[in-house]
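Notes to accompany the following structure.
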Amino acid sequence: MSQGEAAGRGAAQFQDQGWAWMVLLAAVVLQGLTLGFPSCFGVFFTDLQHEFQASNSQTSWFPSIMVAVLHGGG
């Protein structure tokens with residue numbers, strides 16, 4: 001191995017300068033917020049069921065579709 005190759009490999013190690021950790025942190029926060037969002041609507045389902053005289057099976061399609069669109073849409 002020549003000295004030029006060794007110097008080139010050493011310089012590549014410091015290329016990201018810590019931004020990879022910021023991207024990882026942002027991705028974790030984003031996933032936590034978007035995947036926790038459908039669960040927040042569960043508080044309102046009992047009120048909606050009483051308001052519209054609906055059963056659990058009639059209102060269960062809404063969170064199912066919302067989670068499917070969230071996962072399928074990226």
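The values are calculated or read from the model by the stated rules, or taken from the named source; none is laboratory data. Every value quoted in this text rests on a predicted model; they were computed, and no experiment measured them. Counting neighbours? That spans all protein chains shown, and the Cβs are built from the backbone with ideal geometry, glycine included. Heavy atoms of the whole protein, side chains included, go into the accessibility calculation; ligands, DNA and RNA do not. Shrake-Rupley method; radii C 1.70, N 1.55, O 1.52, S 1.80 Å.
Please list, ordered by residue number, the helices (runs of 4 or more DSSP H) wholly in the stretch 15-74 having 1 or more residues that are among the acidic types (D, E).
Numbers: elements: 19-40, 42-52, 56-59, 61-72.
In the stretch 15-74, the matching helices (runs of 4 or more DSSP H) lie at 42-52.
Among the residues of the stretch 55-70, which ones are out of contact with any Leu (no Cβ under 7 Å at 6 or more places or on another chain) and surrounded by 10 or more Cβ atoms within 10 Å (Cβ to Cβ)?
So in the stretch 55-70, the residues out of contact with any Leu (no Cβ under 7 Å at 6 or more places or on another chain) come out as 55-58, 60-70.
Q58, S60, F62, P63, S64, I65, M66, V67, A68, V69, L70 - these are the residues of the stretch 55-70 that are out of contact with any Leu (no Cβ under 7 Å at 6 or more places or on another chain) and surrounded by 10 or more Cβ atoms within 10 Å (Cβ to Cβ).
Between residues in the stretch 46-74 that are without any contact (Cβ under 8 Å) to a residue 12 or more places away in the chain and residues that are open to solvent by less than 90 Å² (accessible area, probe 1.4 Å) and assigned to a helix (DSSP H, G or I), which pairs lie under 6 Å by C-beta distance while being six or more apart or on different chains?
Q49/T59
If I ask for residues that are small (G, A, S) and at pLDDT 85 or above, which ones from the stretch 17-56 would you list?
Here is the first cut: in the stretch 17-56, the ones small (G, A, S) are 18, 20, 26-27, 32, 36, 39, 42, 54-55.
A20, A26, A27, A54, S55, listed by residue number.
Mind listing whichever residues of the stretch 17-40 are more than 21 Å from L70 (Cα to Cα), open to solvent by 80 Å² or more (accessible area, probe 1.4 Å) and not aromatic (F, W, Y)?
Start the filter on the stretch 17-40 by keeping residues that are more than 21 Å from L70 (Cα to Cα), which leaves 17-22.
Cutting the leftovers down to open to solvent by 80 Å² or more (accessible area, probe 1.4 Å) gives us 17, 19, 21-22.
Scanning the stretch 17-40 gives Q17, M22.
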